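In what follows, a single structure is set out as structure tokens and then discussed.
The values are calculated or read from the model by the stated rules, or taken from the named source; none is laboratory data. Only a predicted model underlies this, so the values are computations on that prediction, with no experimental measurement involved. Ideal geometry is used to build each Cβ from the backbone, glycine not excepted, and the neighbour counts take in all protein chains shown.
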Amino acid sequence: MNGKDLQAPAFPDGRLERDQPKWRRDFPIDVEADEYGARRDFTKFLVLTSLAFACGQIWIVFLSLFRGRQPAEQRIAAITDLEIGEAVSFHYPTDRDPCLLIRQSDDVFLAYSSQCTHLMCPVRPDLAHNRLHCPCHEGYFDATTGQPTAGPPRRPLPRIHLRIDRGIVYATDVEERAS
Amino acid sequence: MTNSRRTRSQRLSIIYGILSIVVVLVVMQLWLLTATMNAFLGGNHTVVVPAALASIACLGLNAGLLRYLVVLDR
């Protein structure tokens, strides 16, 4: 502590202690010292926040290492299991990733992740209007492209690549798409 | 000028300067994290590593400034 710190506390109005009101003389808070401590502590807190953000970035790097792998092919359903205009749910690539398989016509099959890109609520098929509906916040996606058409979602639904072999529909890959 | 010869008002000015820089860096990190998460969820994994390096560089700068602050208090 240097000589300046030992001086009488600085008052907010800059006047001497004897000119201060009684309540302030009874509780002579050194405003400058208080300000210094508060700013120093706030800076320390911000550096801690900076550490948290850096940890978040590293966490994303780890996630990308695991997501980069090509998922294994998986049987979904037989063609005969779905009528035209029907949808069936399945899980791909893991049991925690719900998806929807949609049959649009005789030979057009489409599949999307059924987790809304807004807040991960499950989307429901509304194929009479050629759309997928998220009931949580009234989000809508085009059933043909998976693009958002209304509501809060901004990114399209991840598309599941399909392969049809001898009347069986297989999921082969997941395509995540940006807005 | 050594630290012991700095008055408290001088140190207060220094701390305001450091605080301003730290705030700018933290806001930049927040933007980086948001943009990276958006790109990652959209399937763009190429930005993930450069963004992480940039964020770690910001953290390093912040830690350096904090260290200077600790030295200033001694």
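Of the residues making up the stretch A:143-179, those that are farther than 16 Å from A:Gln115 by Cα and touching a helix residue (DSSP H, G or I) at 6+ places or on another chain (Cβ under 9 Å) are A:Ile164, A:Gly167, A:Ile168, A:Val169.
One residue alone among A:Leu132, A:Leu100 is in contact with a Phe, Trp or Tyr (Cβ under 6 Å, 6 or more places away or on another chain), surrounded by 15 or more Cβ atoms within 10 Å (Cβ to Cβ) and closer than 18 Å to A:Pro71 by Cα, and that residue is A:Leu100. Taking the criterion of being aliphatic (A, V, I, L, M) and under 17 Å from A:Glu175 (Cα atoms), the residues of the stretch A:92-147 that qualify are A:Leu100, A:Leu101, A:Ile102, A:Leu110, A:Ala111, A:Met120, A:Ala143. Among residues of the stretch B:15-40 that are more than 10 Å from every other protein chain (Cβ to nearest Cβ) and of a type outside the set (Gly, Ala, Ser), none has a Cβ under 8 angstrom from a residue that is part of a helix (DSSP H, G or I) and surrounded by fewer than 15 Cβ atoms within 10 Å (Cβ to Cβ) at a sequence gap of 6+ or on a separate chain. Taken as a whole, the stretch A:151-166 holds no residue that is farther than 17 Å from A:Val88 by Cβ, among the hydrophobic types (A, V, I, L, M, F, W, C) and either in contact with a Leu (Cβ under 8 Å, 6 or more places away or on another chain) or in the same structural domain as A:Ala78 (by TED's automatic domain parsing) (or both). Among all positions in the stretch A:90-110, there is no residue which is closer than 26 Å to B:Phe40 by Cβ, in a helix (DSSP H, G or I) and of a type in the set (Phe, Trp, Tyr).
Has the stretch A:146-166 got any residue that is part of a loop (DSSP other than H, G, I, E, B), farther than 30 Å from B:Ala52 by Cβ and of a type in the set (Asp, Glu)? No, every residue in the stretch A:146-166 fails to be part of a loop (DSSP other than H, G, I, E, B), farther than 30 Å from B:Ala52 by Cβ and of a type in the set (Asp, Glu). For B:Thr7, state whether it is β-branched (Val, Ile, Thr), at negative phi, surrounded by 13 or more Cβ atoms within 10 Å (Cβ to Cβ) and modelled with pLDDT under 90. Taking the combined requirement at face value, the residue satisfies it. The lone criterion from (1) in contact with a strand residue (DSSP E or B) (Cβ under 7 Å, 6 or more places away or on another chain); (2) more than 14 Å from chain B (Cβ to nearest Cβ) left unmet by A:Ile160 is number (2).
A:Glu32 meets all of the listed conditions (1) out of contact with any helix residue (DSSP H, G or I) (no Cβ under 8 Å at 6 or more places or on another chain); (2) within 9 Å of chain B (Cβ to nearest Cβ); (3) not small (Gly, Ala, Ser) but one, namely (1).
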